[in-house]
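Student: Got a structure for you, written out below as structure tokens; questions coming shortly.
None of the figures in this text is laboratory data; all of them are computed from the coordinates on show. For clarity, every value in this text was computed on a predicted model and none was experimentally measured. Positions of Cβ are backbone-derived with ideal geometry, glycine not excepted, and every protein chain shown enters the neighbour counts.
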Amino acid sequence: MPLMAVIRHPVFLVWLLMFLLAGAYTAWQTRLVTDMSQFLPTGASPLQTVLLEQVRTGAASRLLLLGLDGAPAEQLAAASNHLRGKLEASAHFDLVQNGVEDLAPDAQPVLFRYRYLLNPAVQADYFSVDNLRAALQRQLRILTSSFVQLKQNDVRGDPGSAYLGYLLGLRPQGGPQLSHGVWFGIDGSEALLLARTQAPAFSLEAQQQVMAYLQDLMQQDEMLRPLRLQISGPALFAQQAKSIIAGEVSRISIVTTVVMLLFLALVLRNSTLVFCSALPLLSGILAAVAVVTFVYGSIHGITLAFGVTLVGVAVDYPIHLFAHKRAAESASASLRRIWPTLRLGLITTAMGYLAMLFSDFTGLAQLGVFAIAGLTVAVAVTRWVMPLLVADSWEARWRMPGLKQLTRNYWPLSSGLWLLTAFALWYVLAHGNIWEDDIAALNPEQKTQKVLDSHLRQQLGAPDTRHFLLVQAESEEALLLRCEQLQPKLDAMVDAGVFSHFELISRYLPSAANQRQRQQELPDARRLQQALTEASAGLPFKPGTFEPFVAAVQASRDLPPLNLATFAATPLGRQLSNLVFDYQGQWFSLVPLTQIKDYTALAKDFPPLANDAPVMLLDLKAQSNTLMSHYRDRALWLFALGAGGILLVLVLGLRSFPGALRVFMPVVGSLLVTVMVLLLAGERLSLFHLASLLLVIGIGLDYSLFFQRYQGNAVERNQTLWALVVCAMTTILVFGILAGATTPVLHAIGLTVCVGTLFSFAYAVFGAPASSPSVHQI
């Protein structure tokens, strides 16, 4: 058809308009995300939902571990304080610690006023004559000492140092050593800091700004420039994963496009046909991106990378047209001849991906939407737009006598393939656990970064991010009471060597009931003044010196109890949010544990993963793996339902159950052998291998359907062989590139489809018994 006639054709105009609209919508609305949280499941229970929410956005996930080295200790200490000041002044952090014991000005007056309700040492005998006299004598020694200088009003208002005792109790247990007033590592060569970002770890755009700020600060600040800053933490891991994924998506997209164009140019030897073959692919990808963006508001980098590789399938459609076109018929007539097979192949492939739409993983559901939308549009463009562009006089003149001759004597190969299938079935069943349930396996983390993270945690004496005790209650007060009741048991475990240290919210904030109990034990003014008079007898304190002390104790008797809301907007409150949070009316406290030495004893006292227990042992890795296992089992059921739906569609489409089995059984054989090869290659199967096996099913069905067409017709058979060879090679080339990715998800998809395509071709051509033209209705 002449070019102007093509441009004016209504079908072409509709396609062009839709293409431009999809392109404009994609350019303006599409937001590419690369964090792995979309490939984390949602919780199957309220507790699991809480835990996963903490993994995604909790305070612990926002912590960065910082290490400064490259100078003498005095210089590092000064640089640590300087860096802390810079970070606190920036908008990127809500908490920065380096060992300096200084509370924010807005927290100090409140804590000082409540010192007699907060310090656990303040009991009834705290105000006895003997204890008061010992406290006054201690203050005399301190006041005459050259080592410590205290303000006079602190001595007069707090002679027993209740406030100082409370502050000392807030020091982290088992933390790093203090040198020159700041934290240092064990060997004293590294100044250490903890910084918590405002943004969640998986908010990658914000985390990228944080890392850029730290890099600029180290390069531009004169005091910091000579030093080396080492950083670790979940936020950095997520940022590095983004860089790796984004880089691989770009590389794969470019390499795939170049390789595909070169291969098609080599095979088709016609620039017009190369251009035409790209239209279904480009249309499918553009439409799929627009649909995913419309449904989800963004598209994940892995979804896009996987979608781009749909070239391995989408380009099959024009290849089938080119292979089956004859000089005596138009492209429209050729497509009408093979259209029932193309249509049935699309429907069966879409049936497989339909199961993914019900996945609890947003990333997997996106893959399903992308595949269905992209392949549907690619087939539609092939069916109605391509005939306008392919000249009626063009005919494929491909010859492959070797393969043609081989398929005439394929019984030995066919028998060998089904023996291989039986062996694959035995191997898979006998292999044991074939599944990868570790969420950490999804992240492309670098080994050097893991080593650095372990080093900084060891230097800081920080708890690992895997084991916690989880305390749950119906209210804030009930939670604090439960933590207070828990503390003696945890202290005994430390003494018994079960673990080294723990951090508990009740050390910072006693329950309201405990505060009221301490108020009741505070003496009235007359009794306290009498005890002070006796205690200070013979000591060089002027009469009336401790009137502020008496007034403070009397004021404490009427104070309302402190709660978390008092400190919500202060640095102390932000620090406490690492340990306690509420979710949908329930209150939870995480109790970090350091250096667990007897896990068995710990698990005996605190049941792991017991949803109804008030205090339970939480292994985040084990809990995450349990979730992955749960959703993998559910995905297997969806996979099985999808396979059943495909078989049903085949029976209805072919109007023959034996014919449907002839098409379906080669697909089953190729799947079993593909799984066996993956296991032999050292792979453990994840949900993403399952998603890839759905694509293998679609590819295998396409090959099997076409090879079963008119097998009694030698011309059709030769054309189909050519089409399948070219289709298989394009798919193997594309997914072979994807298999080389370092991102585990992309590697899993690429390797699975690459191996699956090879065996899908072998089973379609050699595995199925020759049939009569009884299935010509395909």
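Student: Evaluate E = 1/(1 + (r/R0)^6) for Gln519 and Lys597, where r is the Cβ-Cβ distance and R0 equals 25 Å; express this FRET efficiency to the nearest 0.05.
Tutor: 0.05
Student: Can you tell me which of 667-676, 327-336, 496-505 comes out highest on packing, and rank the rest after it, using the mean Cβ neighbours within 10 Å?
Tutor: 667-676, 496-505, 327-336
Student: Return, ordered by residue number, the residues of the stretch 518-543 whose backbone nitrogen is under 19 Å from a label point located 7 Å along Cα→Cβ of Asn131.
Tutor: 518-537
Student: Between Ser90 and Tyr213, what is the label-to-label distance in nm when each label sits 7 Å out along the Cα-to-Cβ direction?
Tutor: Computed distance between label sites Ser90 and Tyr213 equals 0.5 nm.
Student: Pairs of alpha-carbon atoms within less than 8 angstrom and 6+ residues apart define the contacts here; what relative contact order does the stretch 314-376 have, in percent?
Tutor: For the stretch 314-376, the relative contact order is 24 percent.
Student: Still on this structure: Based on the mean of other Cβ atoms within 10 Å per residue, sort peptides 729-741, 747-759 so the most packed one is first.
Tutor: 747-759, 729-741
Student: Based on the alpha carbon coordinates of the stretch 635-727, what radius of gyration and maximum Cα-Cα distance (Dmax) apply, in Å?
Tutor: 14.8, 43
Student: Principal axis extents for the stretch 497-543, Cα atoms only, whole Å, descending order, please.
Tutor: The Cα atoms of the stretch 497-543 stretch 50, 26, 16 Å along the principal axes, largest first.
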